[in-house]
1. Taking SER62 and the conditions (1) in a loop (DSSP other than H, G, I, E, B); (2) closer than 16 Å to GLY31 by Cα, which numbered condition does it fall short on, given that it satisfies the others?
2. Considering only region 69-89, I want to know if a residue exists there that is assigned to a helix (DSSP H, G or I), among the acidic types (Asp, Glu) and at pLDDT below 95.
Amino acid sequence: MRRKESGSQAAAVGDVVKNIFLALQTKSEIGEDRLLLIWLEAVGEMGAKNSKPVSLNNGVLSVIVKNSSWSQELSLKKRWVIKKLQTAFGKDLIHDIRFKTGSI
């Protein structure tokens, strides 16, 4: 009986371990307070009052915004905000931001 090559499975397991490590690192090293402080610096006082980062999954920061106007406003600043967050937390941690309208 021949064993199947498990190279693709090993890569998948490696990705899972990396994602778990990044998730743990996110919670312990970044901290919600630090994230909110950097968010305030990146989007300004009015932007921070009308939005709130709520989760980080696979490098995508999910942000709740008060209304579609704020979603549009922050979307226009998205690249600059990502660069600011990457400067604070590292390039591997956050690579995109998704805005969703909802209650803050």
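1. SER62 satisfies every listed condition except (1).
2. For region 69-89, residues assigned to a helix (DSSP H, G or I), among the acidic types (Asp, Glu) and at pLDDT below 95: absent.
For (1) farther than 16 Å from LEU37 by Cβ; (2) over 14 Å from the mean Cα position of the chain (by Cα); (3) aromatic (Phe, Trp, Tyr); (4) surrounded by fewer than 18 Cβ atoms within 10 Å (Cβ to Cβ), each residue gets a yes or a no:
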site: LYS49; (1), (2), (3), (4): no, yes, no, yes
site: SER55; (1), (2), (3), (4): yes, no, no, yes
site: VAL60; (1), (2), (3), (4): yes, no, no, yes
site: VAL63; (1), (2), (3), (4): no, no, no, no
site: LEU76; (1), (2), (3), (4): yes, yes, no, yes
site: ARG79; (1), (2), (3), (4): yes, no, no, yes
site: ASP96; (1), (2), (3), (4): yes, no, no, yes
site: ILE104; (1), (2), (3), (4): yes, yes, no, yes
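The values are calculated or read from the model by the stated rules, or taken from the named source; none is laboratory data. Since the structure is predicted, the reported quantities are computational estimates derived from the model, not experimental observations. Virtual Cβ from ideal backbone geometry, glycine too; neighbours counted across all protein chains shown.
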